[in-house]
Amino acid sequence: GYTEDAGAAQCYRDARITAIYEGTNAIQAQDLLGRKVLRDGGQALGVLLAEMRAAAAALDETDARTRELARGLADVVGRLDDATRSVALAVKDDPELVGSVAVNYLMLFGYACGAWQWALA
């Protein structure tokens, strides 16, 4: 019911919705890492990472202006791959780890996908 776009009503509305967003992000992050990525040991993610690496390689060959973007994409894809491998190994000894790192993993995943889509544009 808050329809004002200024003043105290907007601050109150924004403060209330932030808690909902944060809870949703954590749930989605745990689902991504626990049920989507680790479920098959990262095999499906490997297919996506291969596509991202191919995009970086193609971009690196186009011209000198896009090489920096290609290097950045390759770097973030490598970091996502490393993070996935590290978590997959560590979660065998500590199943609760997924909940601890899921939000940061989701953010890294988002940066990688954003860079990939930018490279494709």
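The values are calculated or read from the model by the stated rules, or taken from the named source; none is laboratory data. Keep in mind that this is a model prediction, so the values were computed, not measured. Counting neighbours? That spans all protein chains shown, and the Cβs are built from the backbone with ideal geometry, glycine included. Side chains included, ligands, DNA and RNA excluded: accessible areas come from the protein's heavy atoms. Shrake-Rupley method; radii C 1.70, N 1.55, O 1.52, S 1.80 Å.
Checking the stated criteria, D14 turns out not to satisfy the condition of being at negative phi, under 17 Å from the mean Cα position of the chain (by Cα) and among the acidic types (D, E). Determine if the stretch 76-93 includes at least one residue that is in contact with a Ser or Thr (Cβ under 9 Å, 6 or more places away or on another chain) and within 17 Å of N104 (Cα to Cα). Among the residues of the stretch 76-93, not one is in contact with a Ser or Thr (Cβ under 9 Å, 6 or more places away or on another chain) and within 17 Å of N104 (Cα to Cα), which makes the answer no. G42 passes every criterion in (1) of a type outside the set (K, R); (2) open to solvent by 50 Å² or more (accessible area, probe 1.4 Å); (3) touching a residue at least 12 places away in the same chain (Cβ under 8 Å); (4) more than 17 Å from A121 (Cα to Cα) apart from (2). Being modelled with pLDDT under 95, part of a helix (DSSP H, G or I), open to solvent by 90 Å² or more (accessible area, probe 1.4 Å) and among the acidic types (D, E) is a property that does not hold for E51. Applying the condition of being among the hydrophobic types (A, V, I, L, M, F, W, C) and farther than 14 Å from L48 by Cβ to the stretch 64-82 and asking which residue is nearest to the chain's Cα centre (by Cα) yields A74. Counting only residues that are over 20 Å from D40 (Cα atoms) and either touching a residue at least 60 places away in the same chain (Cβ under 8 Å) or part of a helix (DSSP H, G or I) (or both), the stretch 63-99 holds 13 of them.
Determine, yes or no, whether A115 is in contact with a Gly (Cβ under 7 Å, 6 or more places away or on another chain) and in a helix (DSSP H, G or I).
On the way: in contact with a Gly (Cβ under 7 Å, 6 or more places away or on another chain): yes; in a helix (DSSP H, G or I): yes.
So A115 passes the test.
Considering every residue within the stretch 18-39, establish whether at least one is open to solvent by 50 Å² or more (accessible area, probe 1.4 Å), part of a helix (DSSP H, G or I), within 17 Å of A119 (Cβ to Cβ) and of a type in the set (G, A, S). Among the residues of the stretch 18-39, not one is open to solvent by 50 Å² or more (accessible area, probe 1.4 Å), part of a helix (DSSP H, G or I), within 17 Å of A119 (Cβ to Cβ) and of a type in the set (G, A, S), which makes the answer no. Residue count for the stretch 54-79 satisfying the condition of being open to solvent by less than 30 Å² (accessible area, probe 1.4 Å), in contact with a helix residue (DSSP H, G or I) (Cβ under 8 Å, 6 or more places away or on another chain) and small (G, A, S): 3.
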